[in-house]
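Below is one structure, written out as structure tokens, with a few remarks after it.
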Amino acid sequence: MQNEESQAKYSKLKEYIKKQILMGRIKPGDKIPSENDLARMLSMSRNTVRKAISILVNEGYLYTEHGRGTFCRDRSINKKNSRNIGVITTYISEYIFPKVIQGIDRVLAENKYSIILKNTGNDVEKEAAYIEELLDKDVEGLIIEPTKSALFSDNLKYYEALDRNNIPYVFIHGYYQQLEDRSQIILDDEEGMYCAVKYLAELGHRNILGIFKADDIQGVNRHKGYARALTEHDIPYDPGYVIWFHTEDRHTKPYYAVKSMIGKGIPVDAVSCYNDQVAFKIYELLRDMGKNVPEDISITGFDDSYLSVNCPVKLTTVRHPKEELGEIAAKVLLDMIADNNYMNNPVKKIIKPELIIRDSCTKR
């Protein structure tokens, strides 16, 4: 029992010191307190402290100099020569991400870099864990799709750690408002949704239902485009015609809400959807309710994914240049890696959207 307790103590101390190093709170060259001082400060035996320090020395986080003490090792040299890039996305299997990753990989492979791929499932805690894990690995930079980017992030300390460790990163698809001065490659989501709703309004639709994701910045910006298009076409903005959903209820709320509205006889002649996935399922819902698309209700999607052309009624949608976005992000990151002053030279590229007109909308 005493052995297990002792092991738990030195393991916890080792992890604590290691995390301070990874988070940049203990910097390369910093001297850590002596074994005696640590033992006294933490009420641990000197043997326990010595074992934790010894492991960190063996793992390359610390080094000792006889007569001087123990210091934090500079691991940046290994990172800068690793030829590894971390890529963190919210999903991997979702319909747009394979193409984005393909674009990233093409550029990185041409430059003899490899990808370490992680997906958060749009979970804030997983994002924190993966950034910490990549801080521990030898990576030269990161391409990150932020998790729940419309919400205040508790993970800012991990981005600060990337800055302290001089590891450049580029946001794709979205950004945290607290970090909007960082490099980012995004689609103009507001303009894309504006084009879709403008098209519906010009076809004569007046009762346009909008469906948006509340916890990412794309959804917030697409809602802005929706509201702007209504205003410019003298259609009153009615919050009752806006359905907000979150990551956790994305498979249920939009469809229950639409079904309820139509079931109550609320007039709806068009549905402008957050993305093609939502639009495809709205099509199936309307079909099951005996409604014809586009004769009874028009639908627009967003992303120009394979779902938009595989829908029985091909979807009018907004083009998302998936591979192009990935390629641009990879090129920008490689430029940042080569630029020692990258923190003072952030890059913001906004890709212009394009409305793709197919069969899911008609004149009213």
Q) Do any trypsin sites (Lys or Arg not before Pro) in segment 167-270 lie in a DSSP loop with no more than 14 other beta carbon atoms within 10 Å, and if so, which? A) LYS264
Q. Looking at segment 269-343 from every direction and averaging, what is the projected area of its Cα convex hull in nm²?
A. 6.2 nm²
Q: Would you mind computing, in nm to one decimal, how far apart the modelled labels at ASP288 and LYS137 are, each placed 7 Å from Cα along Cα→Cβ?
A: 4.0 nm
Q | Theoretical gain in end-to-end length, ALA129 to TYR16 [0.36 nm per residue, Cα-Cα removed] | A | 39.2 nm
Q: Could you check the simple spin-label distance between LYS112 and GLU94, using points 7 Å along Cα→Cβ, in nm with one decimal?
A: 3.5 nm
Q. Using the Karplus equation 6.51 cos²θ - 1.76 cosθ + 1.60 (θ = phi - 60°), what ³J(HN,Hα) coupling, rounded to whole Hz, does each residue of segment 126-139 give in order, writing x for Gly and Pro?
A. 5, 4, 4, 5, 6, 5, 4, 4, 6, 4, 7, 9, 8, 10
**Q.** Estimated FRET transfer efficiency (LYS264, LYS352; beta-carbon r; R0 30 Å; 0.05)
**A.** 0.15
Q: Net charge near ILE101: determine it from the other residues with C-beta under 14 Å of the C-beta of ILE101, scoring Lys and Arg +1 and Asp and Glu -1.
A: -2
Q. What list of ³J(HN,Hα) couplings, whole Hz, do you get for segment 21-32 from phi and the Karplus terms 6.51, -1.76, 1.60, once you set θ to phi - 60° and write x for glycine and proline?
A. 5, 4, 7, x, 7, 9, 9, x, x, 5, 8, 8
Q.
Below 8 Å between Cα atoms, with a sequence gap of 6+, how large is the relative contact order for segment 2-74 in percent?
A. 38 percent
Q. Roughly how many nanometres apart are two label points built 7 Å out from the Cα toward the Cβ at LEU203 and ASN345?
A. 4.6 nm
Q: Please compute the net charge surrounding ALA129, taking Lys and Arg as +1 and Asp and Glu as -1 over other residues with Cβ under 14 Å from its Cβ.
A: -3
Q) Can you list residues whose amide H is under 5 Å from LEU187's amide H, if they're 5+ apart or on another chain and H is modeled 1.01 Å from N? A) HIS173, ILE351
Q) With a sphere of radius 12 Å drawn around the Cβ of ILE21, what net charge do the other residues whose Cβ falls strictly inside it have (Lys, Arg +1; Asp, Glu -1)? A) +2
Q: Write out the GluC sites (Glu not before Pro) in segment 133-191 meeting two conditions: DSSP loop, and at most 16 other Cβ atoms within 10 Å of their Cβ.
A: GLU180
Q) Can you work out ³J(HN,Hα) from phi for every residue in segment 242-257, in order, using Karplus 6.51 cos²θ - 1.76 cosθ + 1.60 and θ = phi - 60°, giving whole Hz and x for Gly and Pro? A) 10, 10, 9, 9, 10, 3, 5, 10, 5, 8, 10, 4, x, 7, 4, 5
Q. Which one of ILE266, PRO294, TYR194 is farthest out on the positive end of the charge dipole of segment 189-319, using unit charges on Cβ (Lys, Arg +1; Asp, Glu -1) and the Cα centre as origin?
A. ILE266
Q | Helix-derived mean residue ellipticity, 222 nm - over the chain, DSSP H n ≥ 4, -39500 (n - 2.57), to 500 | A | -13500 deg cm²/dmol
Q | Overall dimensions of the chain by Cα: Rg and Dmax, Å | A | 25.5, 86
Q. Which far-off residues, 5 or more places away or on another chain, put their amide H under 5 Å from the one on GLU354, with H placed in the peptide plane?
A. ARG319
Q) Going through segment 35-84, which GluC sites (Glu not before Pro) have at most 14 other Cβ atoms within 10 Å and a DSSP loop state? A) GLU59
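Computed from the coordinates by the stated procedures, all read-outs in this text should not be read as laboratory data. Note that the coordinates shown come from a computational prediction; the quantities given were computed from them, not determined experimentally. Here Cβ is always computed from backbone atoms with ideal geometry, including for glycine, and neighbour counts include all displayed protein chains.
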